[in-house]
Amino acid sequence: MAGQEDPRRRALVNERGRSVAIEAARRTWLKVVVVDHPGMTGYVPAVSAVVLLRRDWEFLFEQLKSTYAVLEYLHRVNSDPPVPLGEEPVRYYEFAAADAVAPPGEGDPRLTALGSEPKSVPQLPQAPAGHGEDQFHVVVRTVLEDIATTGSADETARLDALAALDSIPVAYRAELGRDILRWMAEVAAVPEPGQTWRFRNIPWPGRPYLLFGVATRFSATVAATFRDYVSLRHQQQLELMPERAEMLSVGVLLTPRHDGSRPWDTTMVATRGDQGLDPRSRDALELLWGPLGTTVWEADWDKVAEAFEAAKQTP
């Protein structure tokens, strides 16, 4: 019937007051029960779900400071025998101890051939996330909040991008934050009209492809060029790993601010699927940004922009 609501699709309102369309059939669901009731400690639940006390639910979020990481942990223990209520932290630390001594996985040879250095970190940290390095760890959380609070016409796409960025392993976030703050200091010192970029591409196996960039200053041209950069790297990654055809790529560009209101401006780009780059644009982009693995880029911005436009127009 015309105008009748699709029963497979529901619009829910989140705590920011935004409507989010949920299509149940397109999601994988994890059954979790959180119990907030006295006298349940020690009870062993006999249900096909992860059951835990509210205080243990809050422990996981305090320990990991990441919704993606908490759900990843719950999925990991979902098939294990239940533990008595109140003992979830014990199970967590058993898994964290096992992660700490697990041998590092081998890097994908297709990436190492490009000069990519494999990095292995424990999935579950033994110390709380950011412990002793909170000034670096909080950088990723700040970027997530920037994206969550800016305007967007498509709330579902925004949430997909936030989930992708939240997939950064907890044990790696302080290192990434430290690098970003160092890059910010480096690029802020570049006088006009110079434009310097720093990049970190993160192709974790089985997770979205993430690209972090820092540039000397923001402009509409810089934002458009960054979108082109993400599109090129996404396409190059798809061609390197064709089995990841449904991969979501999310790029975040930070540019220093000097007005004291906030440390940086945040620009986010997300894309998936074949980018449909015509040969002329592809050649121009590869001339500008180079192959996968290029992480530092410096040039006179005006000259580069002129050369890029000329390359696109060359027959």
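The values are calculated or read from the model by the stated rules, or taken from the named source; none is laboratory data. Keep in mind that this is a model prediction, so the values were computed, not measured. Positions of Cβ are backbone-derived with ideal geometry, glycine not excepted, and every protein chain shown enters the neighbour counts.
State the number of residues belonging to segment 19-43 that are closer than 30 Å to Gly130 by Cα and assigned to a loop (DSSP other than H, G, I, E, B).
Qualifying residue count, segment 19-43: 6.
Report whether or not Thr41 is in the same structural domain as Asp80 (by TED's automatic domain parsing) and surrounded by 10 or more Cβ atoms within 10 Å (Cβ to Cβ).
yes
Residues in segment 44-57 that are in contact with a strand residue (DSSP E or B) (Cβ under 6 Å, 6 or more places away or on another chain) and either assigned to a helix (DSSP H, G or I) or among the basic types (Lys, Arg) (or both): how many?
Qualifying residue count for the region: 2.
Within segment 58-113, which helices (runs of 4 or more DSSP H) (wholly inside it) include 1 or more residues that are under 29 Å from Asp134 (Cβ atoms)?
67-77, 88-101
Say whether the condition of being modelled with pLDDT under 90 and within 25 Å of Val143 (Cα to Cα) is met by at least one residue in segment 234-251.
Scanning segment 234-251, I find no residue that is modelled with pLDDT under 90 and within 25 Å of Val143 (Cα to Cα), so the answer is no.
Of the residues that make up segment 134-150, is at least one more than 29 Å from Tyr73 (Cα to Cα) and over 12 Å from the mean Cα position of the chain (by Cα)?
Checked segment 134-150: at least one residue is more than 29 Å from Tyr73 (Cα to Cα) and over 12 Å from the mean Cα position of the chain (by Cα).
Kindly provide the set of residues from segment 13-28 that are touching a residue at least 12 places away in the same chain (Cβ under 8 Å) and among the acidic types (Asp, Glu), ordered by number.
Once the filter is applied, which keeps residues that are touching a residue at least 12 places away in the same chain (Cβ under 8 Å) and among the acidic types (Asp, Glu), segment 13-28 yields only Glu23.
Could you identify the single residue in Ala25, Ala96 that is over 21 Å from Ile202 (Cα atoms), hydrophobic (A, V, I, L, M, F, W, C) and surrounded by 13 or more Cβ atoms within 10 Å (Cβ to Cβ)?
Every option except Ala96 fails the conditions.
Can you list the helices (runs of 4 or more DSSP H) found entirely within segment 140-254 that contain at least 3 residues being crowded, with 20+ Cβ neighbours inside 10 Å and without any contact (Cβ under 8 Å) to a residue 12 or more places away in the chain?
The helices (runs of 4 or more DSSP H) meeting that bar number zero.
Taking Ser19, is it farther than 30 Å from Thr150 by Cα, among the polar types (S, T, N, Q), exposed (fewer than 12 other Cβ atoms within 10 Å of the Cβ) and not assigned by TED's automatic domain parsing to the domain that holds Glu246?
Criteria not met by Ser19.
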